[in-house]
1. Condition first: aromatic (Phe, Trp, Tyr), modelled with pLDDT of 90 or more and closer than 22 Å to residue 350 by Cβ. Now tell me which residues in the stretch 228-256 satisfy that.
2. Just wondering, is there one or more residues in the stretch 96-115 that are farther than 30 Å from residue 230 by Cα and more than 26 Å from the chain's Cα centre (by Cα)?
3. Within the stretch 42-56, which residues are touching a Lys or Arg at 6+ places or on another chain (Cβ under 9 Å) and either within 19 Å of residue 189 (Cα to Cα) or of a type in the set (A, V, I, L, M) (or both)?
4. Within the stretch 129-149, how many residues are of a type outside the set (A, V, I, L, M) and part of a helix (DSSP H, G or I)?
5. Out of the stretch 6-43, which residues are of a type in the set (A, V, I, L, M, F, W, C), touching a Ser or Thr at 6+ places or on another chain (Cβ under 6 Å) and in a strand (DSSP E or B)?
6. Just checking, how many residues over the stretch 319-336 are surrounded by fewer than 14 Cβ atoms within 10 Å (Cβ to Cβ) and touching a Lys or Arg at 6+ places or on another chain (Cβ under 8 Å)?
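The values are calculated or read from the model by the stated rules, or taken from the named source; none is laboratory data. Keep in mind it's a predicted model, so treat the numbers as computed, not measured. Every residue, glycine among them, receives a Cβ derived from its backbone with ideal geometry; neighbour counts consider all protein chains shown.
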Amino acid sequence: MKKSIVFSNHEDEIRVALLEDKKLMEIYFEDLESGKLAGKIFLGRVENVVPALESFFVNIGAKKNGFLRFKDTTVDPNSLHRGSIIIVQVKKDGNTRKGPQLTMRINIPGRYMVYMPYGENSIGISKKIFSSNEKDRLREIGEILIETEEEGIIFRTNSENVDFKTLKNEFTELKNIWKDILEKSKQNNKPTLLYEDENFIQYILREKLDSETHDLITDDMKLFKEFNNLKETYPNLIVRKVDIDAFAWANIYEQLDDLFSRKIELPSGGIITIDKTEALTVFDVDSASNVLEDNVETTSFKTNIEAAKEICRQLRLRNIAGIILIDFIDMKDNYHKEEIINIIKEEALKDKAKISISGFTKLGLLELSRKRTAPSIDALLFTQCPICQGTGKIASPKIVFRRAFKDLEESLEDLKKNHEIKEVYASVYHNLSGYFTKEKKKYIEEKYNVKLDIDFNWPDPNSYNIRYRK
């Protein structure tokens, strides 16, 4: 697999795309990332204690109070009360309904490790490091580095085969960051930001650049010079400077359509349909025009293999999280089902977010979950439609017409009793032009002795506007 990271500077905004074998897997926009709170550390003030939810609401200076569960505290929850000042970290960004989720179990990430000041002397090692000898080596290094029973450490995938001196230096740097956070917290007594990650570029390099990265591509000279310095750490890394928009050079714009489409076509002719709710995303797989195989089982299996890989790509590309159900084409062979699960497990190793696979349900749906720390790309790029309120549906013209015609008659019946109504103006959506016919207009005018004017410029297909003049 050839992994590339593309950086494009467009109108003073940095955009980043992660490619695997020239295929778009993840995308990041500097202005969208800047609004995220996940990972930031705050000095917070407890505003409310809610025993029924076993939680606190904590003011961190954001638009909405954060949500801190009792189990995410590092002290006895009974020792905290309204007005208590505490250090918290944002675990998950909030949304339009909820504030961010907080924890007192602080994590400070570096390139090779995560430092946990309240890690209780624990040593964790990335599951993507498979060598038992390497795991033993890192565990021994962790035992040397950890100096107190309170702190802990997690070795990231990038730490594999990294020498002791480099790991020790980063451990010291992360520990000094924590000391600075504590010192800053003592100088404040109100909600304030204590620590945030490096700038956008440094964050991407830390989280996405690894030994498997083949090349970095950019259209910005400043970034090109900065990236050349990385060759000391990654000697096999190729750094390219292109003279045109880097996204255009890497054919990324053509692949961005996948971000907006509800249906994704597979190479064999199959189709994936994506439907998303607040906490659940459903993928439906259909063989569609794929009829090349000898029998139904083979056709289903091969289409499902393509779908499994593409679905994992979509999870990363759209940053979909929560409960995920996949309705694969029915397979009778249990071996085929196991192969599909194995493919998803293999693809999940490429994903920074944790994916848990529950297996096939009794109804034949594959159930899994993906951990969320930041909003999905949908939440960042799209706003709710003011017309359909996010349902994706509008009332049929026939229904709206019947409702409008009924309102028109009932209101005229009522108004005519006490008022002399001479003119009626109705504004409706343009799709009702075939329903408000000349015959209907004539019927109203003759029955109620009024002049009816209808225009078809009303902006909302679900409603209408009726006005009367004496």
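1. The answer is 247, and nothing else.
2. For the stretch 96-115, residues farther than 30 Å from residue 230 by Cα and more than 26 Å from the chain's Cα centre (by Cα): absent.
3. At the first step, the residues of the stretch 42-56 found to be touching a Lys or Arg at 6+ places or on another chain (Cβ under 9 Å) are 43, 45-49, 53-56.
Within the stretch 42-56, 43, 45, 46, 47, 48, 49, 53, 56 qualify.
4. Of the residues in the stretch 129-149, the ones of a type outside the set (A, V, I, L, M) are 130-137, 139-140, 142-143, 147-149.
Right, trim to part of a helix (DSSP H, G or I) and you get 132-137, 139-140, 142-143.
The qualifying residues number 10.
5. Pass one, the stretch 6-43, residues of a type in the set (A, V, I, L, M, F, W, C): 6-7, 14, 16-19, 24-25, 27, 29, 32, 37-38, 41-43.
Add one more test, that the residue is touching a Ser or Thr at 6+ places or on another chain (Cβ under 6 Å), and what stays is 7, 19, 38, 43.
If the condition is that a residue be of a type in the set (A, V, I, L, M, F, W, C), touching a Ser or Thr at 6+ places or on another chain (Cβ under 6 Å) and in a strand (DSSP E or B), then 7, 19, 43 are the ones that fit.
6. Here is the first cut: in the stretch 319-336, the residues surrounded by fewer than 14 Cβ atoms within 10 Å (Cβ to Cβ) are 330, 332-335.
Going one step further and asking which of them are touching a Lys or Arg at 6+ places or on another chain (Cβ under 8 Å), we end up with none.
Residues in the stretch 319-336 being surrounded by fewer than 14 Cβ atoms within 10 Å (Cβ to Cβ) and touching a Lys or Arg at 6+ places or on another chain (Cβ under 8 Å): 0 in total.
To keep it simple, each residue is scored yes or no on (1) touching a residue at least 40 places away in the same chain (Cβ under 8 Å); (2) surrounded by 13 or more Cβ atoms within 10 Å (Cβ to Cβ).
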{"site": "389", "(1), (2)": "no, no"}
{"site": "397", "(1), (2)": "yes, yes"}
{"site": "400", "(1), (2)": "yes, yes"}
{"site": "407", "(1), (2)": "yes, yes"}
{"site": "420", "(1), (2)": "yes, no"}
{"site": "423", "(1), (2)": "yes, no"}
{"site": "439", "(1), (2)": "no, no"}
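Residues are listed down the side, and each one gets a yes or a no for (1) touching a Phe, Trp or Tyr at 6+ places or on another chain (Cβ under 9 Å); (2) aliphatic (A, V, I, L, M); (3) more than 30 Å from residue 297 (Cα to Cα); (4) in the same structural domain as residue 305 (by TED's automatic domain parsing):
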{"residue": "211", "(1), (2), (3), (4)": "yes, no, yes, no"}
{"residue": "225", "(1), (2), (3), (4)": "no, no, yes, no"}
{"residue": "236", "(1), (2), (3), (4)": "no, no, yes, no"}
{"residue": "267", "(1), (2), (3), (4)": "no, no, no, yes"}
{"residue": "270", "(1), (2), (3), (4)": "no, no, no, yes"}
{"residue": "274", "(1), (2), (3), (4)": "yes, yes, no, yes"}
{"residue": "280", "(1), (2), (3), (4)": "no, yes, no, yes"}
{"residue": "286", "(1), (2), (3), (4)": "no, no, no, yes"}
